[in-house]
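The next block holds one structure in the form of structure tokens; read it before the comments.
The values are calculated or read from the model by the stated rules, or taken from the named source; none is laboratory data. What you are looking at is a predicted structure, and each value in this text was computed from that prediction instead of being measured. Note that we place each Cβ from the backbone using ideal geometry, even for glycine, and neighbour counts take in every protein chain shown. Ligands, DNA and RNA are stripped out before the accessible areas are found, and what is left, the full protein with its side chains, is counted by its heavy atoms. Shrake-Rupley method; radii C 1.70, N 1.55, O 1.52, S 1.80 Å.
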Amino acid sequence: MKKLWLLLLAGCAMTLTPACTNEDDDKGPAAPVECSVPATAEIGGTMTISGQGFAATAEVALRDAAGVETPLEDPEITASGFTGTVPATLKEGSYTVVLHQDGTWEIGQVTLTVAPVKENPVLNVVVPSAIRLNETLEIAGLGFTQEMGIVLRNTADQERTELTVALSSNGVECTIPSGTAAGSYDVILTQGNDEWTLAEAVPAAVYKRLKSVTVNSTIECEEVTLEELTQFLIEDSKNQGMPMDEATAQAYAEMYISYGAFDPTVTTASYSFTYDASGNPAGSKMKGMYDEAESDWFSFTVDGDRISATNQKFEEGTDGMRSFAWTLNNGRVDQSAVSYEKRDVNYVWAYDAQGLWSGVNFAVDNSAYMTLAYDAGKFTGSEGNSMFTYDAAPQQNAIFGIDIAKLIFGLQTINIIEADHLAAILLNLAGTPSTALPATITEMDGSTPGITYQFDEEGYVTKIDWEVANGKDPNFQHFDASSKTSYTLIYE
């Protein structure tokens, strides 16, 4: 009976032996701690080793079958044990738990498992398609709480930027730290040790509005004699079926020369805008190529998704558009109601699957009023009138910059395009900008000069230039002339 009692005591002693052992399987010195290692732990989760005796310098690592050790992250030592985070880089499987404290000790085995995926606690999340680094990032959704955070993870180097978050009526408003670099970011929702990716590879950059654009054009014609111009007028009149005699042609030639048709010319046009505290357009000024001074252009009134404008030039009798009203949809003009001098017309603005502005139609029958053309998403001009060509790898404008190709198109065809169309281009309300920058432009005489650009530090185009060295004069398209065109853009 005594022997049986001793055997039972020995069995109990074996079941109460702590899980932590020394690296020599109890044949050498005892481990400096008494502890219990959990049988399983989740990758990326918290692993707790209960016990006593952990020194402040203690380190716990997980050793795989190949002998590679990975320390637990964010260690915390208390009177009741050792706590750390299982690195997210580890794989599922069995690991030896190793203690480094006054030597190296194998204190147990643990099986790592993948944590079950938790559902995103926020419903109907809407993240902007692009992030304005110098403005508040607004994310809509149902279920945001004070305990949640928003992180931007740079897709290039995986660096994480934590945002300051405040709850709003529609979701959250996030303040982006000053100095956050432009680039591409994953938008991540965090809550405790859990996180969810709300959007991937969202482009981010500093946002600027166009404050003004100024166009300078210089033309220098070759010297043309009275006799050369007279002969040209005689031949041209024959081709037109309305022949002139020499005396009539000479009289016209003298008039053209006296009026300075071949004198060097420098003309300037400019357009500028002011904005209210919310960033909405408030007013504008313009100076046409042949205006002596700058004057008021459109004054704007904004009411939700409706922008109304009164044309100040109409009152001066220099423009036939009295006023217009735009209806916006997702930040682009969806419909327009235009009041001309003697009639009112409603239009519908059309966009392609990419959001590129493809034209304007009459609302009454949806027939085309103006159609725009593209080549693989790059704007080329109006239908049937190609104005631009592009390099195989074209230069790019800032992601929030206005559509430079349409800007040039609008200002070079100012006598054709409607004033409200030009205003929509300048205010960046005409759909998704085609950010590719044209390499060449087709001039009136058929020449195709190359275009050069200058940029500011945020990638916005600040200067556009092109030059025709051996072109034709704009009035007669016959005599040689040289021209230079320069655009200057200022933002705020």
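List of remarks:
- Percent of Cα pairs exceeding the 19 Å cut-off, where the set is the range 399-474: 42 percent
- Database remark: amide H of Ser168 closer than 5 angstrom to the amide H of Glu173 (H placed geometrically; neighbours at sequence offset of 5 or more, or on other chains; Pro and chain starts carry no H).
- Subset of Lys211/Lys313; Lys285/Lys378; Lys208/Lys313 violating a 24 Å alpha-carbon distance limit: Lys285/Lys378; Lys208/Lys313
- Dimensions of the range 365-435 along the principal axes, based on C-alpha atoms and rounded to the nearest Å, stand at 38, 26, 23, largest first.
- For the range 139-270, the Kirkwood estimate of hydrodynamic radius, built from reciprocal distances between every pair of different alpha carbons, is 21.3 Å.
- Rg/Rg_globular for the range 208-329, with Rg_globular taken as 2.2 N^0.38 Å and Rg from C-alpha atoms: 1.65
- In plain terms, if you count all Cα to Cα distances in the chain and split them into 20 Å steps from zero, the share in each step is 17, 35, 22, 15, 8, 3, 1, 0 percent.
- Counting only residues at least eight positions apart within a chain, or on another chain, the aspartates and glutamates with an alpha carbon under 15 Å from that of Lys91 are Glu42, Asp64, Glu69.
- 3J(HN,Hα) couplings calculated from phi for the range 170-183 with the Karplus curve 6.51 cos²θ - 1.76 cosθ + 1.60 (θ = phi - 60°) are, in sequence order, 9, x, 9, 10, 10, 9, 8, x, 4, x, 4, 6, 5, x Hz; Gly and Pro show x.
- Note on the range 309-450: Kirkwood hydrodynamic radius from all Cα pairs is 15.9 Å, rounded to one decimal.
- Rounded to 0.05, the FRET efficiency of the Ala439 and Tyr290 pair, given R0 = 22 Å and the Cβ-Cβ distance, is 0.15.
- Burial ranking of peptide ranges 328-340, 365-377 (average Cβ count within 10 Å, highest at the top): 328-340, 365-377
- Ligands, DNA and RNA are left out, and with a 1.4 angstrom probe the accessible area of the range 158-248 is 57 Å² per residue.
- Surface composition of the chain: carbon plus sulfur atoms hold 49% of the accessible area, using a 1.4 angstrom probe and ignoring ligands, DNA and RNA.
- For the listed peptides 255-264, 131-140, a ranking on the average number of other beta carbons within 10 Å per residue, highest first, reads 131-140, 255-264.
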